[in-house]
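Report on the structure given below.
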Amino acid sequence: MKLIAKTGGLALLLLLLGACSTTAPATPQGHRPRLALTVTPDYLRDGEVGTPYTFTLRATGFRDGDETATFKWNFAGGSTGEQEVTVVDGAAELDVTQSYSEAGVYALVAAVENSGRSATASAIVSIGGATPEREIVLATCGDWVSQKSGAYGVTIDRWDISALPVGAVFDIKFDTVGIPDRILVVKPDGTLAHDTGWRGDAKYDGDALYPGGVVGPKTGEVPSVFKKTGGNSFTIEVLGPDPRTLWNYEVRCRTGV
């Protein structure tokens, strides 16, 4: 799979993938709440070549009297744009659409500006699917279970937990070996349990391959990522945009927690 992540001419300070908006608190007269921006969806999986996909840019944190906001966006490997939007009920929204002619992993970088203030957000778009899904059976609790190391591209591992009891808790630890990778843990119901962000050596921070920047060192351990309440499998998805990358991770189940 070819991976592409270019920022073009849009000079932005990238936030973490999946940055969340928050309700702006009440502020004293004369002060503005913090401007915030989200992109929905922030991670598009298994997109198809040639199919248009729409992303919603939503900005919040405007004051009474703010009439317009300017959105800017850059689809790496695709279009860029800028548009002024009317503020309605303290928020502004804009839908932007892009299709891709080649399989790959692309970055969408967006910004909003209003009266000298700005906010940024980003998303990742995976076109053309991942490498063939790997299946692993986790049948016992207590010990760390190693998974084969992975490399370049999008890797999806499906963990069969049908033999484990409801209430079991799952931990993960990982090593990206320096070149940044990103690990997503998706619960049996399909919702995101954990996103490590881009983890690797700090020297890669600011590289366009890693929208949102490098957020932590190459190794890490996350306890109690989720608890089994139903469903018999979960997935771990690893994004490795650099052809030189290598990574590995381990999973542990615990009971009586």
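Taking segment 83-97 as the search range and keeping residues that are surrounded by fewer than 12 Cβ atoms within 10 Å (Cβ to Cβ) and either under 23 Å from the mean Cα position of the chain (by Cα) or in contact (Cβ under 8 Å) with a residue 40 or more places away in the chain (or both), which one is nearest to ALA59 (Cα to Cα)?
Quick first cut of segment 83-97, residues surrounded by fewer than 12 Cβ atoms within 10 Å (Cβ to Cβ) only: 86, 88-89, 95, 97.
Pick out the ones that are also either under 23 Å from the mean Cα position of the chain (by Cα) or in contact (Cβ under 8 Å) with a residue 40 or more places away in the chain (or both) and you get 95, 97.
Details: ASP95: 12, THR97: 17 Å.
Among those that are surrounded by fewer than 12 Cβ atoms within 10 Å (Cβ to Cβ) and either under 23 Å from the mean Cα position of the chain (by Cα) or in contact (Cβ under 8 Å) with a residue 40 or more places away in the chain (or both), it is ASP95.
For segment 224-240, enumerate the residues that are assigned to a loop (DSSP other than H, G, I, E, B) and in contact with a strand residue (DSSP E or B) (Cβ under 6 Å, 6 or more places away or on another chain).
So in segment 224-240, the residues assigned to a loop (DSSP other than H, G, I, E, B) come out as 228-232.
Within segment 224-240, none qualify.
So ASP42 clears everything in (1) touching a residue at least 40 places away in the same chain (Cβ under 8 Å); (2) under 24 Å from LEU192 (Cβ atoms); (3) over 20 Å from the mean Cα position of the chain (by Cα) except one condition, right? Which one?
Only one criterion in (1) touching a residue at least 40 places away in the same chain (Cβ under 8 Å); (2) under 24 Å from LEU192 (Cβ atoms); (3) over 20 Å from the mean Cα position of the chain (by Cα) is unmet by ASP42, namely (3).
When the residues of segment 47-102 are filtered to those that are assigned to a strand (DSSP E or B) and among the acidic types (Asp, Glu), which remaining residue is farthest from ASN114 (Cα to Cα)?
Ranking the qualifying residues of segment 47-102, first place goes to ASP95.
Just one of the numbered conditions (1) under 20 Å from ILE127 (Cβ atoms); (2) touching a Cys at 6+ places or on another chain (Cβ under 7 Å) is not true of THR255; which one?
In the conditions (1) under 20 Å from ILE127 (Cβ atoms); (2) touching a Cys at 6+ places or on another chain (Cβ under 7 Å), THR255 misses (1) alone.
With respect to VAL145, determine if the residue is on the phi < 0 side of the Ramachandran plot and surrounded by 14 or more Cβ atoms within 10 Å (Cβ to Cβ).
On the way: on the phi < 0 side of the Ramachandran plot: yes; surrounded by 14 or more Cβ atoms within 10 Å (Cβ to Cβ): yes.
Yes.
In segment 22-75, what residues are over 19 Å from LEU108 (Cβ atoms), basic (Lys, Arg) and modelled with pLDDT under 85?
Across segment 22-75, the qualifying residues are ARG32, ARG63.
Does VAL154 qualify as being more than 26 Å from ASP242 (Cβ to Cβ) and surrounded by 17 or more Cβ atoms within 10 Å (Cβ to Cβ)? Lay out the reasoning, then the answer.
Working: more than 26 Å from ASP242 (Cβ to Cβ): no; surrounded by 17 or more Cβ atoms within 10 Å (Cβ to Cβ): yes.
Judged against the criteria, VAL154 is not a match.
Of these, THR120, THR176, which one is touching a Leu at 6+ places or on another chain (Cβ under 6 Å), in contact (Cβ under 8 Å) with a residue 40 or more places away in the chain and surrounded by 19 or more Cβ atoms within 10 Å (Cβ to Cβ)?
One residue alone meets the criteria, THR120.
For LEU138, only one of the following conditions fails: (1) in the same structural domain as VAL238 (by TED's automatic domain parsing); (2) within 18 Å of PRO41 (Cβ to Cβ). What is its number?
The number of the failed condition is (2).
The values are calculated or read from the model by the stated rules, or taken from the named source; none is laboratory data. Note that this is a predicted model, so its numbers are computed, not measured. Backbone-built Cβ (ideal geometry, glycine too); neighbour counts: all protein chains shown.
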